[in-house]
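The values are calculated or read from the model by the stated rules, or taken from the named source; none is laboratory data. As the structure is a computational prediction, the values presented were derived from the model and not from experiment. Heads up, the Cβs are rebuilt from the backbone with ideal geometry, glycines too, and the neighbour counts pull from every protein chain shown. In case anyone asks, the SASA skips ligands and DNA or RNA and just uses the protein heavy atoms, side chains included. Shrake-Rupley method; radii C 1.70, N 1.55, O 1.52, S 1.80 Å.
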Amino acid sequence: MNLFTDSVKKIYAKYLSAALGSSIIVSIYSTVDAVVVGQYEGPDGSAALSCIMPMWSMFMSLGILIGIGASILMSTARRNGNKRYGDEFFTAGMAAAGVLSCILVVLFLFYRDRFLMICGAEGKILTLAMSYTRWLTFAVPFFLIGNVFMAFVRNDNAPQLATAAVICGGLINISGDIFFVFGLKWGIGGAGFSTAVSQVAACIILAGHACSKSNGLRFVRMTLSELAARLKRLAETGFAPFIVDFSFGIGVILFNNQIVRYAGTLDLAVYGAVINVSMLFQSLFYGVGQAVQPLISENNGAGKNGRIRGFLHFAFGTVAVMSIIFFALAELLPERILCMYIKKTPEVLAASPHIFRTYAVSFLLMGVNIVAGYCLQAVLRTAGSLAVSLLRGCILCSLFVLLLPAVFGYSAIWYTMPLTELCTFAVTVVQLGKMKKSMR
């Protein structure tokens, strides 16, 4: 398939199907855990998973920082005919992932309980969260290195292998959750063990790319100064998409603590269910961004502005349809959706519909803001991508979650994300306008 001459529609459809497949299966890691734990442990289990969510965010965001940043630069260098330079970013990215993995293992071994308490866990919720994360601590290298290598594999013309890896991992996670949680009665700890095993399996499959004839990824020797320069460059390039996931974790921490402060475990459990649904929808938006990012990046390096506009048209058309569907589902079926994640009780049924319906308004603009960050980064408009990502993921979210309940009462906290997405959308429109103007 030629990215510069073949049909824009067909190329986009191929990459989209692969990326969405990966995103759907990746989201299963948390979705299936949430469903199984919510049904087995009840509201306390759902509340514990809400406190664990920032840990997931940390793993994913660091993988994005290194993987997306380095793979974009690798693709750009290759397109400019400098494969050696591209291999240097691959080498730097994998080295950074290995070192960070070791650091995270040590930190989680000794400070995991303190981190979970910062995330809002206390009492029985903390006990459950510790049980789940015990297994994840030792699987940290597979989460981080696996996510980084997956980005390189996808940009090395092997998106199908990346999809196969996450599908296999997802299937293992589903069967493992059922067996360990319900079969062996391990409870929430069984869900954590199953998730760790599934990620190990996914990494083993990805490693097969290194032995294939189509593998174009090579480690190269570099001086320390060259390595430092490549790490600095990939950090700058990957920072915008990184801050989306990382600040999502910060937002969850703030939400958790505000809910505990103003309400209690029940609302925290409902929020845990809501945020898992939101993550499922967000993962699909990420899939669109991950599909179109390498296509825009490659064509940008070749100066194919007309094709870039075509990819943008299809990407934003896709998220528009998805946004309407997600919003409609949340508004029409709030109880049915949330009760898959949390055991049905009269208290849950009374609290969940209003919370979910209010939060779900954010789905209408969330996809545009997320995909815009990928598109802006793909054409190396780092400042614009960073502005969108910081506003959505950190600045506005933190501001609203702290101020709204203090000024308007606790129930106003659920308007945090709709207002965040709306304000970010205004900036997104301006940045996309500048990008399109520069391509004329």
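Of note:
- Scan of region 206-260 for residues that are in a loop (DSSP other than H, G, I, E, B), within 23 Å of ASN157 (Cα to Cα) and not small (Gly, Ala, Ser), ordered by number: LYS213, ASN215, LEU217, ARG218, PHE219, VAL220
- Selection from region 334-357 of residues that are open to solvent by 30 Å² or more (accessible area, probe 1.4 Å) and either in contact (Cβ under 8 Å) with a residue 24 or more places away in the chain or not aliphatic (A, V, I, L, M) (or both): GLU335, ARG336, MET340, LYS343, LYS344, THR345, PRO346, GLU347, HIS354, ARG357
- Of all residues in region 283-333, exactly one satisfies the criterion of being open to solvent by less than 10 Å² (accessible area, probe 1.4 Å), polar (S, T, N, Q) and more than 25 Å from MET74 (Cβ to Cβ), namely SER323.
- Pair list, Cβ < 8 Å and 6+ apart or interchain, from region 80-103 residues that are under 16 Å from GLY69 (Cβ atoms) to residues that are hydroxyl-bearing (Ser, Thr, Tyr) and open to solvent by 10 Å² or more (accessible area, probe 1.4 Å): GLY86/THR76
- Once region 354-381 is narrowed to residues that are over 19 Å from the mean Cα position of the chain (by Cα) and in a helix (DSSP H, G or I), the residue that is farthest from PHE246 (Cα to Cα) is HIS354.
- Residue check for MET417: outside any loop (DSSP other than H, G, I, E, B), closer than 25 Å to ARG79 by Cβ and at pLDDT 85 or above: no
- Taking residues in region 273-295 that are part of a helix (DSSP H, G or I), and partners anywhere that are charged (D, E, K, R), the pairs with Cβ atoms closer than 7 Å and at least 6 places apart or on different chains are PRO294/ARG154.
- Selection from region 257-273 of residues that are open to solvent by less than 10 Å² (accessible area, probe 1.4 Å) and not small (Gly, Ala, Ser): ILE259, LEU268, VAL270, TYR271
- Among the residues making up region 412-437, those that are free of Cβ contacts under 8 Å to residues at least 40 places away in the same chain and either closer than 30 Å to PHE311 by Cβ or open to solvent by 50 Å² or more (accessible area, probe 1.4 Å) (or both) are LEU419, CYS423, ALA426, VAL429, VAL430, GLY433, LYS437.
- Residue within region 370-383 that is on the phi > 0 side of the Ramachandran plot and among the hydrophobic types (A, V, I, L, M, F, W, C) present: yes
- Selection of region 336-382 for residues being of a type in the set (Ser, Thr, Tyr) and at pLDDT below 85 yields THR345, THR382.
- Failed item, numbered, when MET439 is tested on (1) of a type outside the set (Asp, Glu); (2) over 22 Å from the mean Cα position of the chain (by Cα); (3) within 15 Å of SER278 (Cα to Cα): (3)
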